[in-house]
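*Asks:* Can you keep this structure in mind? I'll have questions shortly.
The values are calculated or read from the model by the stated rules, or taken from the named source; none is laboratory data. Computed from a predicted model, the values in this text were never measured in an experiment. Cβ placement follows ideal geometry from the backbone for every residue including glycine, while neighbour counts extend to all protein chains displayed.
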Ligand SMILES: *Cc1c(COP(=O)(O)O)cnc(C)c1O
């Protein structure tokens, strides 16, 4: 065990004093907290429900759909994807007109990756890393196959499974590289790339960049324009609190928009969709990256969560996220490391997103025990990572303290042993 000088870390008064000083504490009340006893540490996978989303959806159903019917399209539905995209732009360092909401992250990745490869004829390589979200790799593999085999995917390995392979990327990105695509924040370790540095590396080689912001948007400050990033996609049901399966977003830097061609060129991306002409002409601006009619109810539900993030301010959110993550890591070192846990996230806060992964050989069963008997809801990522998501809009310091205390109890008292080693589908 660490020396007793660390004892204050588990002192409820210490954690509660940090909560009392927290200037963002009032935002917790903006969310539906159905069970105050539940410690929710999975906002990085599915954000909580904002109170206002519940009211808004009721209005969309009862009044807008129920009463306004088809007239709704002229009363805001038609522009909703762009309107919400403009707000997301304010969270990721982009301008209005550079972000739009559409489809899923995977589908947007497909559209932008194909568009990027077509914009770099004669180059064959997509470069990524093995920390990337598997769906992204599956999409790239599908694209390579679809485009007839002239392209290839190079997956650079992380040196330790935690940090991004900067040297490997520098070696892999060459004058045959069309596209460099990475998760800005890795879903397992929470490693966060220096977007400007990697983008500069890609640009020096003449390649385009496509960033997946799913674990960054609403969690860490992102400056797409400042980094001169070309393309990006991201998820809105995680830190943006948009609801299960909420449509995703995509970003195309303004000066690139006219030169990129959407491979799923549906009528929503047509220059004059309501002319119903028979020849496809891409719309000017980012609308050319849309495809078909958006899911209006799911789309509308995204906006209240984004408004809360904008009201709190990304800088304040980041400061709280770092403070809470450092507190959690101090607890891991003092309380959990002696029980066989190891930190599977970067120690350097500047290179870390807003979740913390801890590994333990019994991680799977410990996670089950937390969920089934301890009222703690984290998630598990194979082989041994328990992910503890910190969402500064609603996570409290005292929740972090209690979660660690319960983790300790589960391991010290071997409470996990009653659970099966067999793994269930959704973790
Ligand atoms: C969550 C996540 C996705 C999700 O993709 P869907 O198409 O919404 O299933 C994609 N990429 C990353 C990096 C993610 O974290």
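*Asks:* Pick from 189, 181, 157: which is touching a helix residue (DSSP H, G or I) at 6+ places or on another chain (Cβ under 7 Å) and within 19 Å of residue 215 (Cβ to Cβ)?
*Replies:* Working: 189 fails: touching a helix residue (DSSP H, G or I) at 6+ places or on another chain (Cβ under 7 Å); 157 fails: within 19 Å of residue 215 (Cβ to Cβ).
Step by step, each of 189, 181, 157 is checked, and only 181 is touching a helix residue (DSSP H, G or I) at 6+ places or on another chain (Cβ under 7 Å) and within 19 Å of residue 215 (Cβ to Cβ).
*Asks:* If you don't mind, another one. List pairs: first residue in segment 99-114 and over 13 Å from residue 179 (Cβ atoms), second residue near the ligand (Cβ under 8 Å from one of its atoms) and assigned to a strand (DSSP E or B) anywhere in the structure, Cβ distance under 6 angstrom, at least six positions apart or on different chains.
*Replies:* 104/248; 105/233; 105/248; 108/233; 108/248
*Asks:* Pairs, please: C-beta under 8 Å, at least 6 apart or cross-chain, first residue more than 16 Å from residue 157 (Cα to Cα) and assigned by TED's automatic domain parsing to the domain that holds residue 105 and in segment 126-145, second modelled with pLDDT under 95 and outside any strand (DSSP E or B)?
*Replies:* none
*Asks:* On the basis of being in contact (Cβ under 8 Å) with a residue 24 or more places away in the chain and in contact with a strand residue (DSSP E or B) (Cβ under 6 Å, 6 or more places away or on another chain), does residue 41 make the cut? Can you show your working first?
*Replies:* Details: in contact (Cβ under 8 Å) with a residue 24 or more places away in the chain: yes; in contact with a strand residue (DSSP E or B) (Cβ under 6 Å, 6 or more places away or on another chain): yes.
Criteria met by residue 41.
*Asks:* Scanning for something part of a helix (DSSP H, G or I), closer than 19 Å to residue 240 by Cα and in contact with a strand residue (DSSP E or B) (Cβ under 6 Å, 6 or more places away or on another chain), does segment 62-80 turn up at least one residue? Before the answer, list the steps.
*Replies:* First, pick out the residues of segment 62-80 that are part of a helix (DSSP H, G or I): 62-75, 80.
Narrowing further to those that are closer than 19 Å to residue 240 by Cα: 80.
When the remaining residues are screened for being in contact with a strand residue (DSSP E or B) (Cβ under 6 Å, 6 or more places away or on another chain), the result is none.
No, because not a single residue in segment 62-80 is part of a helix (DSSP H, G or I), closer than 19 Å to residue 240 by Cα and in contact with a strand residue (DSSP E or B) (Cβ under 6 Å, 6 or more places away or on another chain).
*Asks:* Also, I was wondering about something else. Scanning for something free of Cβ contacts under 8 Å to residues at least 60 places away in the same chain and either surrounded by 21 or more Cβ atoms within 10 Å (Cβ to Cβ) or under 17 Å from residue 131 (Cα atoms) (or both), does segment 218-227 turn up at least one residue?
*Replies:* Of segment 218-227, the ones free of Cβ contacts under 8 Å to residues at least 60 places away in the same chain are none.
Checked against the condition, which is being free of Cβ contacts under 8 Å to residues at least 60 places away in the same chain and either surrounded by 21 or more Cβ atoms within 10 Å (Cβ to Cβ) or under 17 Å from residue 131 (Cα atoms) (or both), segment 218-227 yields no hits at all.
*Asks:* Same structure, new question: Mind counting the residues in segment 101-121 that are within 11 Å of the ligand (Cβ to nearest atom) and either part of a loop (DSSP other than H, G, I, E, B) or out of contact with any helix residue (DSSP H, G or I) (no Cβ under 9 Å at 6 or more places or on another chain) (or both)? I'd like the intermediate steps shown before the answer.
*Replies:* Step one: filter segment 101-121 for residues within 11 Å of the ligand (Cβ to nearest atom), giving 103-110.
Still in the running and either part of a loop (DSSP other than H, G, I, E, B) or out of contact with any helix residue (DSSP H, G or I) (no Cβ under 9 Å at 6 or more places or on another chain) (or both): 103-104.
Counting residues in segment 101-121 that are within 11 Å of the ligand (Cβ to nearest atom) and either part of a loop (DSSP other than H, G, I, E, B) or out of contact with any helix residue (DSSP H, G or I) (no Cβ under 9 Å at 6 or more places or on another chain) (or both) gives 2.
*Asks:* I've got another one for you. Identify, by number, the condition in (1) assigned by TED's automatic domain parsing to the domain that holds residue 16; (2) assigned to a helix (DSSP H, G or I); (3) touching a strand residue (DSSP E or B) at 6+ places or on another chain (Cβ under 8 Å); (4) closer than 25 Å to residue 222 by Cβ that residue 333 doesn't meet.
*Replies:* Unmet condition: (4).
*Asks:* When you scan segment 122-129, do you find a residue that is within 16 Å of the ligand (Cβ to nearest atom), out of contact with any strand residue (DSSP E or B) (no Cβ under 7 Å at 6 or more places or on another chain) and more than 20 Å from residue 223 (Cα to Cα), even just one?
*Replies:* There is no residue in segment 122-129 that is within 16 Å of the ligand (Cβ to nearest atom), out of contact with any strand residue (DSSP E or B) (no Cβ under 7 Å at 6 or more places or on another chain) and more than 20 Å from residue 223 (Cα to Cα).
*Asks:* If you scan segment 155-196, which residues turn out to be within 14 Å of the ligand (Cβ to nearest atom) and assigned to a loop (DSSP other than H, G, I, E, B)?
*Replies:* Selection gives 164, 184, 186, 187, 188, 189, 190, 193.
*Asks:* Which of the following residues is closer than 22 Å to residue 225 by Cα and away from the ligand (no atom under 12 Å from the Cβ): 149, 93? Break it down into steps so the answer makes sense when it comes.
*Replies:* On the way: 149 fails: closer than 22 Å to residue 225 by Cα.
Every option except 93 fails the conditions.
*Asks:* If I filter segment 275-293 for residues that are in the same structural domain as residue 207 (by TED's automatic domain parsing), closer than 21 Å to residue 75 by Cα, at pLDDT 95 or above and surrounded by fewer than 17 Cβ atoms within 10 Å (Cβ to Cβ), do I get at least one hit?
*Replies:* Scanning segment 275-293, I find at least one residue that is in the same structural domain as residue 207 (by TED's automatic domain parsing), closer than 21 Å to residue 75 by Cα, at pLDDT 95 or above and surrounded by fewer than 17 Cβ atoms within 10 Å (Cβ to Cβ), so the answer is yes.
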